[in-house]
Amino acid sequence: MNPLDENIISSFTVRSNAVLSETSGRHGEKAQSGVTGNGSVRHGARSRHAISFCLTRIVNLVNMPAMDIQNRERILDMIYMSHLYLQELESTPRDYGTGDLLYASHIHTVVAVGESPGCNLTELAARLSISKAAASKFVAKLVKMGYLFKSKRVDNNREVIFNLTGKGQTAALGHQEFEDRTFGPLFEIESALPEKDYQVIRDYFQKIRDIAGK
């Protein structure tokens, strides 16, 4: 293995250990400890670069010379580290332009209503792949916070439907901007993959899905 690869792996190891340390040390801290003065989250850029790093390393492994196979990193280790970063993204509340810190479950509910205006509770729960009880809990919170409003369907006054308020529309737009910043570079890396590399990676993950029975 050449010195460059050794430096890359060393960097990845240090970064992995730092994330594990941060993840364990963050339990019990207040939610706002990860938020900057303007309401944005400090971890976003670091997480984005780290996931990009992992994906790039997976691509490089596809073309690794046979002599280096015994010394290569395990792909599963890189997948696990990517999982930790994505988990961090999901578990950290964020301000999407409204001054409130919203958890993933709440902003995803806002986005789902925005994508399906006038939906009822059953339809919303199906879009989110959660139970009606869970959807009802999220909706009640968001109505109280001013992100959603409920009304009766014109042709059926017994059916309650949901739509976004102006505040909800602001949050939905802020979430889209956050996703573009966070995942845009990853999609660029994926779209630049040669078809051969893409198929190798896709086949690998499909085998994992097959083993998991998905």
Exercise for the section: Give the residues of the range 97-119 that are within 13 Å of G174 (Cα to Cα) and in a loop (DSSP other than H, G, I, E, B), sorted by residue number. Expected result: G97, T98, G99, D100
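With Y85, Y96, Y147, Y80 as the choices, which residue is buried (at least 20 other Cβ atoms within 10 Å of the Cβ) and closer than 30 Å to K207 by Cβ?
Exactly one of Y85, Y96, Y147, Y80 is buried (at least 20 other Cβ atoms within 10 Å of the Cβ) and closer than 30 Å to K207 by Cβ, namely Y85.
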Practice task
Look through the range 191-214, keep the residues that are loosely packed, with under 12 Cβ neighbours inside 10 Å and acidic (D, E), and return whichever of them is farthest from P93 (Cα to Cα).
Solution key: E195
Handout entry: Test set (1) touching an Asp or Glu at 6+ places or on another chain (Cβ under 8 Å); (2) among the aliphatic types (A, V, I, L, M); (3) over 21 Å from L86 (Cβ atoms) - A125 fails condition number
Key = (1)
Practice task
From (1) in a helix (DSSP H, G or I); (2) within 25 Å of L101 (Cα to Cα), pick out the condition that doesn't hold for T122.
Solution key: (2)
Practice task
Search the range 177-196 for residues that are small (G, A, S) and pair each with any residue that is surrounded by 14 or more Cβ atoms within 10 Å (Cβ to Cβ) when their beta-carbon atoms are under 7 Å apart and the residues are at least 6 apart or on different chains.
Solution key: none
Exercise for the section: For L142, state whether it is surrounded by 11 or more Cβ atoms within 10 Å (Cβ to Cβ), in a helix (DSSP H, G or I) and in contact with a Leu (Cβ under 7 Å, 6 or more places away or on another chain). Expected result: yes
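Does the range 117-125 contain any residue that is within 21 Å of the chain's Cα centre (by Cα) and under 29 Å from F183 (Cα atoms)?
Scanning the range 117-125, I find at least one residue that is within 21 Å of the chain's Cα centre (by Cα) and under 29 Å from F183 (Cα atoms), so the answer is yes.
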Practice task
Give the range 69-94 a look and list any residue that's among the acidic types (D, E) and over 15 Å from the mean Cα position of the chain (by Cα), or say none.
Solution key: E73, D77
Completion exercise
Checked the range 149-170 for anything among the small types (G, A, S) and under 23 Å from K132 (Cβ atoms); matches are S151, G168
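Scan the range 188-195 and give yes if some residue there is of a type in the set (S, T, N, Q), at pLDDT below 95 and under 21 Å from I79 (Cβ atoms), otherwise no.
yes
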Handout entry: Any chance S82 is at pLDDT 60 or above, part of a helix (DSSP H, G or I) and over 18 Å from L164 (Cβ atoms)
Key = yes
Exercise for the section: Identify the residue in the range 62-77 that is surrounded by 13 or more Cβ atoms within 10 Å (Cβ to Cβ) and part of a helix (DSSP H, G or I) and, among all such residues, is modelled with the highest pLDDT. Expected result: D77
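The values are calculated or read from the model by the stated rules, or taken from the named source; none is laboratory data. Note that this is a predicted model, so its numbers are computed, not measured. Quick reminder, even Gly has a Cβ in these numbers, built from the backbone with ideal geometry, and neighbours come from all protein chains shown.
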